[in-house]
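One structure is given here, and the rest of the page talks about it.
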Amino acid sequence: MADPIQSKRRAAEVAAYACLDPAHFAELMQCFLSDDFRLAQRAAYSVGMAGRQRPDLMVPHIGSLVDQLERKDIHDAVIRNSVRILQEVKIPEDLHGRVMDVCFEFIQNRQAAIAIRAFSLTVLYNFSKIYPEIKNELGIIIEEAMEFETHAFRARGKKILANIKKQKHPQHR
């Protein structure tokens, strides 16, 4: 079994290398998008780190991230890091519907990994600022799920519900 500290250090080194140049970043993305299950899994953490460090380098690859979310034959690490990145980048308008659909699926699927579901909540909350009509559906799903969910989901859900309520009833100053 690999040493987790060494693995994190190695993933950080790979991410730093990828952030040096768009060509390096594209190489890392090829690994991440690979049909080789292990290669994609190992690249996932580095992609997540690199995407946070250099979101500008992620822009040409957002469509590919969205494609990954719709697949059922890939490692959770790939989905988790794809959704994590989508929380923080500007998603092209032509992908909004697909991303919202898949994120609503994730948050309602109790079999999905909790990190995927929590990141999906944030992505949907971000979209609710653009598409206020999804606030009610998002709020209802969160409220109905609260008593059955993990601490991580409830914590993020409570924060999002509070923000939605603030937006509906802004305080007068």
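So for region 157-164 (the condition being over 22 Å from VAL66 (Cα atoms), modelled with pLDDT under 90 and open to solvent by less than 20 Å² (accessible area, probe 1.4 Å)), does at least one residue qualify?
yes
Given the criterion out of contact with any helix residue (DSSP H, G or I) (no Cβ under 6 Å at 6 or more places or on another chain) and of a type in the set (S, T, N, Q), identify the matching residue among GLN108, GLN87.
GLN108
Determine if region 119-126 includes at least one residue that is within 29 Å of LEU161 (Cα to Cα), in contact with a Gly (Cβ under 9 Å, 6 or more places away or on another chain), touching a residue at least 24 places away in the same chain (Cβ under 8 Å) and not β-branched (Val, Ile, Thr).
yes
Quick one: in region 17-36, of everything that is surrounded by fewer than 15 Cβ atoms within 10 Å (Cβ to Cβ) and of a type in the set (A, V, I, L, M), which residue is nearest to the chain's Cα centre (by Cα)?
Only one residue fits best here, namely ALA26.
Restricting region 60-100 to residues that are open to solvent by 10 Å² or more (accessible area, probe 1.4 Å) and within 14 Å of PHE119 (Cα to Cα), which is modelled with the highest pLDDT?
MET100
Are there helices (runs of 4 or more DSSP H) fully within region 59-127 with at least 2 residues that are farther than 28 Å from GLU143 by Cβ? List them.
62-69, 76-86
Of the numbered conditions (1) within 23 Å of ALA23 (Cα to Cα); (2) open to solvent by less than 50 Å² (accessible area, probe 1.4 Å), ASP56 satisfies every one except a single condition; which is it?
(2)
Tell me which residues, restricted to region 33-53, are part of a helix (DSSP H, G or I), of a type outside the set (Lys, Arg), out of contact with any Lys or Arg (no Cβ under 9 Å at 6 or more places or on another chain) and more than 14 Å from TYR17 (Cα to Cα).
Result: PHE37, LEU39, ALA40, GLN41.
The values are calculated or read from the model by the stated rules, or taken from the named source; none is laboratory data. Treat the numbers as computed from the prediction; the structure is a model and nothing was measured. Here the Cβ is made from the backbone with ideal geometry for all residues, glycine too, and neighbour counts use every protein chain on show. Heads up: the accessible areas ignore ligands, DNA and RNA and are worked out on the full protein's heavy atoms, side chains in. Shrake-Rupley method; radii C 1.70, N 1.55, O 1.52, S 1.80 Å.
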